[in-house]
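Peer 1: Have a look at the structure that comes next, please.
The values are calculated or read from the model by the stated rules, or taken from the named source; none is laboratory data. Just so it is clear, the model here is predicted, and its values are computed rather than measured. Methodologically, a virtual Cβ is constructed for each residue, glycine included, from the backbone with ideal geometry; neighbour enumeration extends over all protein chains shown. Heads up: the accessible areas ignore ligands, DNA and RNA and are worked out on the full protein's heavy atoms, side chains in. Shrake-Rupley method; radii C 1.70, N 1.55, O 1.52, S 1.80 Å.
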Amino acid sequence: MEFFTLENKNGLKLTFTNYGGIVSKIHVPDRDGAFADVALGFETVEEYQDHNDAYFGAIIGRYGNRIGKGRFELDGSEVSGLAINNGENHLHGGLKGFDKVVWQTEAVSGDGYTGMKLTYRSADGEEGYPGNLDASVIYKLTDANEWVIEYEATTDKATVFNPTQHAYFNLAGHDGPSPLDHEMQINAAFFTPTDHGGIPTGEIKSVEGTDMDFRQARVYGETIDSEDSLISRLGGYDHNWVLDKQYGELGLAAVAYDPKSGREMKVFTTEPGVQFYAGNFLDGSLTGKGGKVYQKRDGFCLETQHFPDSPNKGHFPATTLRPGQVFRSKTVYAFGVR
Ligand code: BGC
């Protein structure tokens, strides 16, 4: 296992490993041109292997976020036996998900970018999922200061597939002051409320008049301890928002902004949803790069995805992938300053 670094003409750098496709460092400038590493993570592959319970920087698959009770019906037959690894539910692909496998690598490049293609064959039955699934994830770093992620997959049996990227960001620098003073904007008028275990109830609920409303940019730390039970039951922001954009087309999901450094990150995706997870479960037990101890809410994730538990929610956009179809999905994290 090894680390790779992509660098663009402006000096931005993206470092990742073929173990789990884990992105361990993202160096981007502030408004004065000073670079900082804005991704939470560890220094070595061994640390990721031993204790990346937080999924720092990893590719998540086969299914990003939760599947209720680790079971669902597919074409009339029951798929069960997915690992129950989060309360009574299945989370992030199971015990050995895409975050814990070794990916094949191949350098790719083109006009205005350098990149790496990561490929992995997930065998029929792996972690309980049907079908041999051939997955690829391309990471690109463009000269427009974008980290582009392109997912593709095919299968030889009907299955479900919902990959995402689990990078944790702090735009002040991973070892800087807490991101709770960042402004967050999420391009969504609706979200998917959940039960106490994070499984959507099935309702598509308006954000209007609630602390879930991020249609205008605002400091997310001010409402993260909201008394709204839909928020407090999950320990803060850890929800899927239903994006106000044409599903399948690349459109705006979210904008995060750190007023101190001036760093801004815009997230674009072809996916219908984004999970804004504010690092509520970080608790000081993980020590990262340079000895930085990550405390509660020291990083946030914007995980572009289909909605949690879609295999059990017929009215959510489907995550089924069938033989002959090609799964394609794209997400862009665009870095800038103000
Ligand atoms: C989930 C959180 C979970 C975290 C794991 C997020 O995608 O929504 O509930 O704790 O991943 O680090």
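Peer 1: Assess whether Tyr139 counts as being in contact (Cβ under 8 Å) with a residue 12 or more places away in the chain, in contact with a Cys (Cβ under 7 Å, 6 or more places away or on another chain) and open to solvent by less than 50 Å² (accessible area, probe 1.4 Å).
Peer 2: Values: in contact (Cβ under 8 Å) with a residue 12 or more places away in the chain: yes; in contact with a Cys (Cβ under 7 Å, 6 or more places away or on another chain): no; open to solvent by less than 50 Å² (accessible area, probe 1.4 Å): yes.
Here the answer is no, as Tyr139 does not meet what is asked.
Peer 1: Considering (1) open to solvent by less than 40 Å² (accessible area, probe 1.4 Å); (2) touching a residue at least 24 places away in the same chain (Cβ under 8 Å); (3) within 25 Å of Gln275 (Cβ to Cβ), say which one Glu127 fails and leave the rest.
Peer 2: All conditions are met except number (1).
Peer 1: Now for a different question. Just give me the residues in the stretch 155-183 being farther than 15 Å from Thr304 by Cβ, open to solvent by less than 20 Å² (accessible area, probe 1.4 Å) and more than 16 Å from the ligand (Cβ to nearest atom), in sequence order. Before you say what the answer is, go through the steps one by one.
Peer 2: Taking the stretch 155-183 as the starting set, the residues that turn out to be farther than 15 Å from Thr304 by Cβ are 155-160, 170-183.
If we keep only those that are open to solvent by less than 20 Å² (accessible area, probe 1.4 Å) as well, we get 155, 159-160, 170-171, 173-174, 176, 179, 182.
If the condition is that a residue be farther than 15 Å from Thr304 by Cβ, open to solvent by less than 20 Å² (accessible area, probe 1.4 Å) and more than 16 Å from the ligand (Cβ to nearest atom), then Thr155, Thr159, Val160, Leu171, Gly173, Gly176, His182 are the ones that fit.
Peer 1: Right, another one. For residues that are β-branched (Val, Ile, Thr) and within 16 Å of the ligand (Cβ to nearest atom), scanning just the stretch 65-93, find the one that is nearest to Thr320 (Cα to Cα). Full working, then the answer.
Peer 2: Step one: filter the stretch 65-93 for residues β-branched (Val, Ile, Thr), giving 67, 79, 84.
Then keep just the ones that are within 16 Å of the ligand (Cβ to nearest atom); that gives 67, 84.
Details: Ile67: 13, Ile84: 21 Å.
Only one residue tops the list, namely Ile67.
Peer 1: In the stretch 149-178, how many are touching a helix residue (DSSP H, G or I) at 6+ places or on another chain (Cβ under 8 Å) and of a type outside the set (D, E, K, R)? Walk me through how you get there before you give the answer.
Peer 2: Residues of the stretch 149-178 touching a helix residue (DSSP H, G or I) at 6+ places or on another chain (Cβ under 8 Å): 160, 162-163, 166, 169-172, 174-175, 178.
From what is left, the residues that are of a type outside the set (D, E, K, R) are 160, 162-163, 166, 169-172, 174, 178.
Residues that pass the stated criteria total 10.
Peer 1: Quickly run through the stretch 30-64 and pick out the residues that are within 16 Å of the ligand (Cβ to nearest atom), outside any loop (DSSP other than H, G, I, E, B) and touching a Phe, Trp or Tyr at 6+ places or on another chain (Cβ under 8 Å).
Peer 2: If the condition is that a residue be within 16 Å of the ligand (Cβ to nearest atom), outside any loop (DSSP other than H, G, I, E, B) and touching a Phe, Trp or Tyr at 6+ places or on another chain (Cβ under 8 Å), then Ala39, Tyr48, Ile59, Ile60, Tyr63 are the ones that fit.
Peer 1: If you don't mind, there's one more thing I want to ask. Output the number of the condition that Phe190 fails; it satisfies all remaining conditions of (1) within 18 Å of the chain's Cα centre (by Cα); (2) of a type in the set (Phe, Trp, Tyr); (3) more than 30 Å from Gly131 (Cα to Cα).
Peer 2: If we test Phe190 against (1) within 18 Å of the chain's Cα centre (by Cα); (2) of a type in the set (Phe, Trp, Tyr); (3) more than 30 Å from Gly131 (Cα to Cα), just (1) comes out false.
Peer 1: Which of the numbered conditions does Gly235 fail, given that it passes all the others? Conditions: (1) under 22 Å from Lys313 (Cα atoms); (2) within 16 Å of the ligand (Cβ to nearest atom).
Peer 2: Failed condition: (1).
Peer 1: From Gly279, Gly251, Gly336, Gly290, which residue is within 16 Å of the ligand (Cβ to nearest atom) and at pLDDT 95 or above?
Peer 2: Details: Gly251 fails: within 16 Å of the ligand (Cβ to nearest atom); Gly336 fails: within 16 Å of the ligand (Cβ to nearest atom); Gly290 fails: within 16 Å of the ligand (Cβ to nearest atom).
Criteria check complete, one pass: Gly279.
Peer 1: Moving on. Quick check, is Thr17 away from the ligand (no atom under 16 Å from the Cβ), farther than 22 Å from Phe327 by Cβ, open to solvent by less than 10 Å² (accessible area, probe 1.4 Å) and not small (Gly, Ala, Ser)? Spell out the reasoning first.
Peer 2: On the way: away from the ligand (no atom under 16 Å from the Cβ): yes; farther than 22 Å from Phe327 by Cβ: yes; open to solvent by less than 10 Å² (accessible area, probe 1.4 Å): yes; not small (Gly, Ala, Ser): yes.
So Thr17 fits the description; yes.
Peer 1: Considering only the stretch 159-204, state which residues are not in a loop (DSSP other than H, G, I, E, B) and not polar (S, T, N, Q). Write out each step before concluding.
Peer 2: Here is the first cut: in the stretch 159-204, the residues not in a loop (DSSP other than H, G, I, E, B) are 159-160, 162, 164-165, 169, 179-181, 183-186, 190-191, 194, 200.
Hits for the stretch 159-204 are Val160, Phe169, Pro179, Leu180, Asp181, Glu183, Met184, Ile186, Phe190, Phe191, Pro200.
Peer 1: Still on this structure, please answer the following. Can you tell me which condition Asn145 does not meet? The list is (1) open to solvent by 20 Å² or more (accessible area, probe 1.4 Å); (2) of a type outside the set (A, V, I, L, M); (3) more than 20 Å from the chain's Cα centre (by Cα), and all the others hold.
Peer 2: Against the list (1) open to solvent by 20 Å² or more (accessible area, probe 1.4 Å); (2) of a type outside the set (A, V, I, L, M); (3) more than 20 Å from the chain's Cα centre (by Cα), Asn145 comes up short only on (3).
Peer 1: Can you tell me which residue among Pro311, Pro317 is modelled with pLDDT of 95 or more, touching a Pro at 6+ places or on another chain (Cβ under 7 Å) and not in a strand (DSSP E or B)?
Peer 2: On the way: Pro311 fails: touching a Pro at 6+ places or on another chain (Cβ under 7 Å).
Going through Pro311, Pro317 in turn, the sole match is Pro317.
Peer 1: Kindly check whether there is at least one residue in the stretch 184-206 that is open to solvent by less than 50 Å² (accessible area, probe 1.4 Å) and closer than 27 Å to Lys289 by Cα.
Peer 2: Within the stretch 184-206, one or more residues are open to solvent by less than 50 Å² (accessible area, probe 1.4 Å) and closer than 27 Å to Lys289 by Cα.
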